[in-house]
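Here the structure is laid out as structure tokens; the discussion comes afterwards.
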Amino acid sequence: MRILEKEKIEYAMLTYQTDDGKIDGISVAQKIGREAGVVYKTLVSQGTSRAYYVFVIPVEAELDLKKAAKAVGEKKIEMIPVKDITAVTGYVRGGCSPVGMKKLFATMVDSSAEQIGRIIVSGGQIGMQIELDVAGLLQATKGRLADVSGAPSE
């Protein structure tokens with residue numbers, strides 16, 4: 001949030017209870033009283049070049065690995081193992097924000113966000129979300145829009 005404030009990007013902080021252990025995106029949307037369609041999750045992957053990439057997609061969708069690889073100019077990408085999330089990003093699983101990772105990785109926000117305008121992403125810890133304009137998120141992450149999501153996950 002310090003990064004957002006430094007960049008003068010307007011945002012709203014939303015918090016939710018975590019004592020029931022339900023921290024998946026659909027549950028988070030329900031807990032903060034928002035439609036799942038405006039809540040986005042942050043996924044981290046690695047390409048064949050060994051470079052890391054961040055993808056911000058709707059919580060109800062899955063990352064389309066082929067579209068994602070094409071968007072970042074890689075032959076192939078794979079999700080990083082859960083055990084590596086903290087070492088790579090500085091965040092824990094379930095609290096991984098696209099803003100403020102250890103390093104500024106290439107970030108792709110699913111193009112579906114463009115129609116929504118304001119989306120909700122993790123605030124960097126479990127129990128905290130931030131709502132902000134897509135343009136502000138792109139500014140803070142030096143990201144860009146790309147069609148990277150696939151069919152909704154079951």
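The values are calculated or read from the model by the stated rules, or taken from the named source; none is laboratory data. Given the structure is predicted, the values throughout are model-derived calculations rather than measurements. Cβ placement follows ideal geometry from the backbone for every residue including glycine, while neighbour counts extend to all protein chains displayed. When the accessible area is computed, the model is the full protein with side chains, heavy atoms only, and any ligands, DNA or RNA have been set aside. Shrake-Rupley method; radii C 1.70, N 1.55, O 1.52, S 1.80 Å.
Annotations
- Rg and Dmax [Cα atoms of the chain; Å; Rg one decimal, Dmax integer]: 14.3, 41
- Amide hydrogen neighbours beyond the local backbone of ASP147, cut-off 5 Å, H modeled: SER111
- Cβ-defined net charge surrounding GLY117, 12 Å radius [Lys, Arg +1; Asp, Glu -1]: -2
- Residue-normalised accessible area of the chain, expressed per residue, 1.4 Å probe, Å²: 54
- Of all beta bridges that DSSP places with both ends in the range 15-123, some 65 percent have antiparallel geometry.
- Computed extension length for GLN30-GLU5: 6.3 nm, one decimal, from 0.36 nm per residue of separation with the Cα-Cα distance subtracted.
- Net charge of neighbours whose Cβ lies under 12 Å from the Cβ of GLU10, counting Lys and Arg as +1 and Asp and Glu as -1: -2
- Value at 222 nm in deg cm²/dmol, rounded to 500, when DSSP H runs of n ≥ 4 in the chain each add -39,500 (n - 2.57): -6000 deg cm²/dmol
- Other residues within the sphere of radius under 15 Å centred on the Cβ of ALA69, judged by their own Cβ, net out at 0 (K and R +1, D and E -1).
- Taking the range 12-139 and dividing mean pair separation by its residue count, relative contact order in percent (alpha carbons under 8 Å, at least six apart): 28
- Label-zone membership for the range 76-97, site ILE126, 7 angstrom Cα→C-beta point, backbone N under 13 Å: 92-96
- In order along the range 128-138, the phi-based Karplus estimate (6.51 cos²θ - 1.76 cosθ + 1.60, θ = phi - 60°) of 3J(HN,Hα) comes to 9, 10, 10, 10, 7, 5, 4, 4, x, 5, 4 Hz; Gly and Pro are listed as x.
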